[in-house]
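Asks: Could you have a look at this structure, given as structure tokens, before my questions?
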Amino acid sequence: MTDLLYLPDADDVTAFSATVTEATDDYVILDGTYFYPEGGGQPPDHGTLSWPDGRATVDGARKDHGDVRHEIADLDGDLPESGTTVEAEIDADRRGRLTRMHTAQHVVSRVVLDDYGAETAGNQVGPERSRIDFEPADFDTTDLERIETRSNEAIEGDLAVRKENRPRETVEREVDEGRALLDLIPDSVDPLRVVEIESFDMCPCGGTHVDSLGEIGRVEIVDRASKGADTERIAFELRES
């Protein structure tokens, strides 16, 4: 089983050493990793693995029955044997953009829940553009302007972001209705990793996040689309503040 070393609050680590437990032409499994495996609307990290007689480009990471498979795009040299120590490096720029985007998604979701009573039905974070589906919702141009303004006001407050494991019972009791799809998380997952924005939002989430909102930049809503009678999709990008 691969230890997810970035949890609960080591989102900023992008270089580390680990031991190979399995290697094939398609993937490498390590005893522990800081690579984020795809999930929760956040795509996987990219990067490299290197060892004394080889090097591999990693273009994805995915969970598989408790392991994380680091997917190999290019291999230079022989595959590492089990027990080999590898030096891993995550694409720090891409990780940073995804991290800022994911926390921005939490901010926008909170604003929409507070101001319009619409829940986040789904989201997809990207390094350049992200989207969120809300329901029930029917936004007009004025609504989008308000959502953008309110989100940026929260970001400008540079609130602290805390990431920690908490007992599931506590999370179920304290999380606001509409801010967690807890029924989709197996009951066996306990404790839950929680992302809490100081005095603003709290939500169980396994993704990578900033340490304070001031790191995000500015949210700019760039598109809106109807995805059904009661579902609205908002797309946003980040700009330098």
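Asks: Just give me the residues in region 130-140 being over 19 Å from the mean Cα position of the chain (by Cα) and buried (at least 19 other Cβ atoms within 10 Å of the Cβ), in sequence order. If you could, list the steps in order and put the result at the bottom.
Replies: First, pick out the residues of region 130-140 that are over 19 Å from the mean Cα position of the chain (by Cα): 135-140.
Ala137, Phe139, listed by residue number.
Asks: Could I ask something else about it? Give Val86, Val112 a once-over and let me know the one that is buried (at least 22 other Cβ atoms within 10 Å of the Cβ), touching a Phe, Trp or Tyr at 6+ places or on another chain (Cβ under 8 Å) and not assigned by TED's automatic domain parsing to the domain that holds Glu22.
Replies: Numbers: Val86 fails: not assigned by TED's automatic domain parsing to the domain that holds Glu22.
Residue meeting the stated conditions: Val112.
Asks: For residues in region 21-39 being small (Gly, Ala, Ser) and surrounded by 15 or more Cβ atoms within 10 Å (Cβ to Cβ), which is nearest to Asp11 (Cα to Cα)? Steps first, please.
Replies: Narrowing region 21-39 to residues small (Gly, Ala, Ser): 23, 32, 39.
Add one more test, that the residue is surrounded by 15 or more Cβ atoms within 10 Å (Cβ to Cβ), and what stays is 23, 32.
On the way: Ala23: 25, Gly32: 14 Å.
Applying the filter and picking the extreme gives Gly32.
Asks: Which of the following residues is more than 17 Å from the chain's Cα centre (by Cα), acidic (Asp, Glu) and closer than 27 Å to Ala180 by Cβ: Asp76, Asp67, Asp53?
Replies: Values: Asp76 fails: closer than 27 Å to Ala180 by Cβ; Asp53 fails: closer than 27 Å to Ala180 by Cβ.
After applying the criteria, what remains is Asp67.
Asks: Report whether or not Val195 is in contact with a Leu (Cβ under 9 Å, 6 or more places away or on another chain) and within 24 Å of Pro43 (Cα to Cα). Full working, then the answer.
Replies: Working: in contact with a Leu (Cβ under 9 Å, 6 or more places away or on another chain): no; within 24 Å of Pro43 (Cα to Cα): yes.
The answer is no for Val195.
Asks: Among the strands (runs of 3 or more DSSP E) lying completely within region 18-86, list those that include at least 3 residues that are of a type in the set (A, V, I, L, M, F, W, C). Give the derivation first.
Replies: Numbers: elements: 27-30, 47-51, 54-64, 67-77.
Once the strands (runs of 3 or more DSSP E) in region 18-86 are filtered for at least 3 residues that are of a type in the set (A, V, I, L, M, F, W, C), what remains is 27-30, 54-64, 67-77.
Asks: Given region 141-209, what strands (runs of 3 or more DSSP E) lie entirely inside it while holding 1 or more residues that are of a type in the set (Lys, Arg) and surrounded by 20 or more Cβ atoms within 10 Å (Cβ to Cβ)?
Replies: On the way: elements: 161-166, 192-197, 201-204.
In region 141-209, the matching strands (runs of 3 or more DSSP E) lie at 161-166.
The values are calculated or read from the model by the stated rules, or taken from the named source; none is laboratory data. Remember, it's a predicted structure, so these values are computed and weren't measured experimentally. Counting neighbours? That spans all protein chains shown, and the Cβs are built from the backbone with ideal geometry, glycine included.
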